[in-house]
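Comments concern the structure below.
The values are calculated or read from the model by the stated rules, or taken from the named source; none is laboratory data. What you see is a predicted model; the values in this text were computed from it and never measured. Methodologically, a virtual Cβ is constructed for each residue, glycine included, from the backbone with ideal geometry; neighbour enumeration extends over all protein chains shown.
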Amino acid sequence: MLLRSLTKHVKDQNWFAVFLDFFIVVTGILIAFQITNWNEAREDAKNRELITDALITNLIDSINVQSEFTTEINAGLSSWEEAYAKGEQPDPFYFLISGSDTAPDTWAVFEQMSLTELFDPVTLFDLTFFYSELDGIGRKYTRYATFVENRVLPGHIDNEDVFYKSNGQLKSEFVANMNRLRTFQKETDDLTRWGKCLVYRLKAERVFDKSCPRADYVLVGASEQTNPFEEK
């Protein structure tokens with residue numbers, strides 16, 4: 001209809017009508033593009049909200065689980081150290097997680113959701129680094145658990161005096177393995193702080209200039225700040 005009208009106006013050399021027809025066509029195209037952009041923006045906002053909620057839920061679950069781990073490890077190590085300090089020879093304390101030793105690769109799932117289009121570079125760095133550290137700690141724990149299953153548990157089951165030297169000192173291999181557990185405990189504590197920082201920032205819904213490790217000096221071994229998650 002509009003094309004026939006445009007053709008007629010050109011033949012009649014009615015240039016004002018021709019200009020008006022072109023204006024209507026161009027305006028219609030621009031409005032269509034703008035509506036598409038609005039729909040895409042709304043879809044991006046919805047996707048970001050859904051992914052953010054999923055990330056927060058996963059991080060909070062991770063924080064809660066890690067807190068339970070460190071509480072149990074603290075209690076076990078303290079009890080062992082107290083008995084050892086009294087001159088007793090308690091079996092080495094060990095900590096085994098029920099079920100699989102390896103956590104599911106949650107980050108691989110999130111990476112398939114085009115996160116680069118939904119989050120700023122600092123947030124992406126924090127999330128990538130956090131889940132990379134979580135995976136690394138999990139791999140270290142797997143090595144620790146393998147030693148426990150192969151060397152510690154048989155001694156517990158057989159009730160043999162395989163853990164101590166003749167002078168009453170714990171053998172170096174078991175000392176080293178308990179030190180691995182202490183390292184796991186420290187790294188888990190740091191990761192818990194990091195997870196809390198990420199939850200705080202995802203809920204804040206604003207852009208931060210510094211990554212969580214840079215804003216929270218405890219994560220890099222310096223003294224604690226009053227509010228480690230808020231930039232000064």
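Against the conditions (1) over 15 Å from I137 (Cα atoms); (2) acidic (D, E); (3) modelled with pLDDT of 80 or more, D190 satisfies every one except (1). Do we have T123 as within 18 Å of the chain's Cα centre (by Cα) and at pLDDT 65 or above here? The answer is yes for T123. Just for region 169-213: of the residues that are hydroxyl-bearing (S, T, Y) and under 18 Å from E72 (Cα atoms), which one is surrounded by the fewest Cβ atoms within 10 Å (Cβ to Cβ)? Of everything passing the filter in region 169-213, T183 is surrounded by the fewest Cβ atoms within 10 Å (Cβ to Cβ).
Of the residues making up region 60-95, those that are over 26 Å from the mean Cα position of the chain (by Cα) and either on the phi > 0 side of the Ramachandran plot or surrounded by 12 or more Cβ atoms within 10 Å (Cβ to Cβ) (or both) number 14.
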